[in-house]
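The values are calculated or read from the model by the stated rules, or taken from the named source; none is laboratory data. Quick caveat, the model's predicted, so the values are computed rather than measured. FYI the Cβ positions are ideal-geometry reconstructions off the backbone, even for glycines, and counts take in every protein chain you see.
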Amino acid sequence: MGEEPRRPKKKPDFQEMGSDFLRKMDDFFTNKPPRNILDSIDSFFQNQSLPARIPVDMFETDKEWIVKAELPGVNKEDIKVDISGDRVNISLTNDEDVKQYDEKHEFYQRERKYYHTERTVQLPYAIDKRTAKAKYNNGILEIRGPKKPRSNYHLDIE
């Protein structure tokens, strides 16, 4: 007779479950490991040195065409310029292998980064590979050449 009826356990509502889940996620990302994952992700995106799309300006003078590309922080050795017909292709390739060792904390880190991007621009003139010149100075790649009319590659139909 002295036994109380059993009450069903209260089911946690979604708000409680959600806040508990978020608290656990916060603990994971901020407390473990000592140098947390979010810092690693942030440093990865902050240290991108190559642009996703190469910004290009094209203009002409009375005698020549000029293409300028802004490439701040890019090494001259990472730039390749190809000419084909009336097109200029600028490509950037960066292949890094960074190693770091901290004796105090017995920590070793090695990162390998590979990056490639390119941009092709079409000019209204034929490009002569022998007279076109490229120069890289202070983060600006300048490609220039004399104006020559395009050849007519159309075939007559019989």
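Structure summary
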| read-out | value |
| --- | --- |
| Test: residue in the stretch 88-100 that is at pLDDT 70 or above, touching a His at 6+ places or on another chain (Cβ under 6 Å) and either polar (S, T, N, Q) or not in a helix (DSSP H, G or I) (or both) | yes |
| Tabulated pairs, the stretch 71-85, first polar (S, T, N, Q), second surrounded by 12 or more Cβ atoms within 10 Å (Cβ to Cβ), C-beta under 9 angstrom, 6+ apart or interchain | 75/94; 84/120; 84/127 |
| Some residue of the stretch 94-106 being free of Cβ contacts under 8 Å to residues at least 24 places away in the same chain and surrounded by 13 or more Cβ atoms within 10 Å (Cβ to Cβ) | no |
| The stretch 110-158 - residue that is part of a loop (DSSP other than H, G, I, E, B) and charged (D, E, K, R) and, of those, farthest from the chain's Cα centre (by Cα) | 158 |
| Selection count, the stretch 107-125, where residues are touching a residue at least 40 places away in the same chain (Cβ under 8 Å) and surrounded by 14 or more Cβ atoms within 10 Å (Cβ to Cβ) | 6 |
